[in-house]
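In what follows, a structure is listed as structure tokens, so that the remarks can point back to it.
The values are calculated or read from the model by the stated rules, or taken from the named source; none is laboratory data. All of these numbers come straight from a predicted model, not from anything done at the bench. Please note: Cβ atoms are built from the backbone with ideal geometry, for glycine as well, and neighbour counts cover all protein chains shown. Areas reflect the complete protein model, heavy atoms only, side chains present, ligands, DNA and RNA absent. Shrake-Rupley method; radii C 1.70, N 1.55, O 1.52, S 1.80 Å.
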Amino acid sequence: SPRVGHDVVAMSKWIEEHIEPGLRVQYQLKKILHTGTSEFQTVDLVELEPFGRVLMIDGLIQSSQSDEFVYHECLVHPALLAHPNPKSVYIGGGGEGSTAREVLRHSTVERCVMVDIDKDVVHFCREHLPENTEAFNDPRLELIIDDAKAVLEKQAGFDVIIMDLDDPLEGGPCYQLYTTEFYKMIKSKLNPGGIFVTQSGAAGIKMHQTVWSPVHNTLRAVFPSVAAYSQAVYSFLDEWGWNMASSDESVMAQLTPQQVDERIAQRIKGELKFLDGQSYVGIFSLSKQHRQTLAKETRVLSLENKSFSFMHSQGLCVAENK
């Protein structure tokens, strides 16, 4: 899950979220369904008036019943549909299980390795998110509680690698997982024709230059072919961004709406709620300003050069420094 650690105050059945300097939003709290604390963070399942049932970590909305499918379908399906026959998939993060749920809907997938560092959050979501029960029980899922980077360093041979990690935050370890060093390691773990996709933070007209754009340019320094895309996620109060990359330019050619619909019909179990051929075209149809930002972007995120791009907030990450 991507969002981390804004300031939150519970006030007489209202929750206040500090989005950015000068902007706070309040949500009406209807009911606290479950609550727990892990070694790394607090986790709550609540019912909010605007969004229905919501998973909150450290008091910040991670996913809501009303629209989590938008985020997770956008994260997973463009990459898996682009690949001609994805059999092995690696997920870094994704503790709530929704990313694995979408991956495992693909009939071609034989092995899905999901690595999240917080066993308590994984257990909590397994217990309390019934829509992900089937995914957690799927024999194709290999669930590992560990550091996403450390585990991937010891494995290889993936058709698709998905990073569903928190945003890079100053003072947190996650910024390392948005750098050329990390992306070069990922490149070496992909099979020929393999595809990498990462969530890339807020991508609205104001925030898209913070993480989404430099991540795109960083991937371009490592992979021959990179595609950025975005979509509004209502409960995140902004557009959200992703970046997809591959060493094989042929798999990165944008599919036609007809190709997308055909591949969904052939490969995916059940009906998607958000993504189809037409909406697929939409997420890759970037605004003029977004395209200009990507064209002008010069930042390359690197540990060696100590160049980073941080989102506004403080918090923890699902991957540790090793």
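Screening His83 on (1) under 24 Å from Phe274 (Cα atoms); (2) in contact with a Ser or Thr (Cβ under 6 Å, 6 or more places away or on another chain); (3) at pLDDT 95 or above shows it passes everything except condition (2).
Just one of (1) in contact with a Phe, Trp or Tyr (Cβ under 6 Å, 6 or more places away or on another chain); (2) open to solvent by less than 10 Å² (accessible area, probe 1.4 Å) trips up Asp116, so point out which. Answer for Asp116: the failing condition is (1).
Let's see how each residue does on (1) surrounded by fewer than 18 Cβ atoms within 10 Å (Cβ to Cβ); (2) over 21 Å from Asn243 (Cβ atoms); (3) not aromatic (Phe, Trp, Tyr):
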{"position": "His34", "(1), (2), (3)": "yes, yes, yes"}
{"position": "Asp58", "(1), (2), (3)": "no, yes, yes"}
{"position": "Glu73", "(1), (2), (3)": "no, no, yes"}
{"position": "Leu80", "(1), (2), (3)": "no, no, yes"}
{"position": "Asn85", "(1), (2), (3)": "yes, yes, yes"}
{"position": "Tyr90", "(1), (2), (3)": "no, no, no"}
{"position": "Gly93", "(1), (2), (3)": "no, no, yes"}
{"position": "Glu96", "(1), (2), (3)": "no, yes, yes"}
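One residue stands out among those in region 118-160 that are assigned to a helix (DSSP H, G or I) and of a type in the set (Phe, Trp, Tyr): the one that is farthest from Val43 (Cα to Cα), which is Phe136.
Checked against (1) touching a strand residue (DSSP E or B) at 6+ places or on another chain (Cβ under 7 Å); (2) open to solvent by less than 30 Å² (accessible area, probe 1.4 Å); (3) not charged (D, E, K, R), Asn132 meets all criteria but (1). For region 246-262, a residue qualifies if it is over 20 Å from Val281 (Cβ atoms) and either loosely packed, with under 15 Cβ neighbours inside 10 Å or touching a residue at least 60 places away in the same chain (Cβ under 8 Å) (or both), and exactly one does: Ser247. Restricting attention to region 263-285, the residues that are within 18 Å of His106 (Cα to Cα), open to solvent by 20 Å² or more (accessible area, probe 1.4 Å), touching a helix residue (DSSP H, G or I) at 6+ places or on another chain (Cβ under 8 Å) and assigned to a helix (DSSP H, G or I) add up to 3. Scanning region 4-24 for residues that are among the aliphatic types (A, V, I, L, M) and either open to solvent by less than 60 Å² (accessible area, probe 1.4 Å) or at pLDDT below 90 (or both), we see that the one that is farthest from Ala203 (Cα to Cα) is Met11.
Just checking, which of Ile186, Ile145 is touching a residue at least 24 places away in the same chain (Cβ under 8 Å) and touching an Asp or Glu at 6+ places or on another chain (Cβ under 8 Å)? Step by step, each of Ile186, Ile145 is checked, and only Ile145 is touching a residue at least 24 places away in the same chain (Cβ under 8 Å) and touching an Asp or Glu at 6+ places or on another chain (Cβ under 8 Å). Just one of the listed residues (Ala228, Ala221, Ala203, Ala232) is open to solvent by 20 Å² or more (accessible area, probe 1.4 Å), closer than 27 Å to Arg101 by Cβ and at pLDDT 95 or above, namely Ala232.
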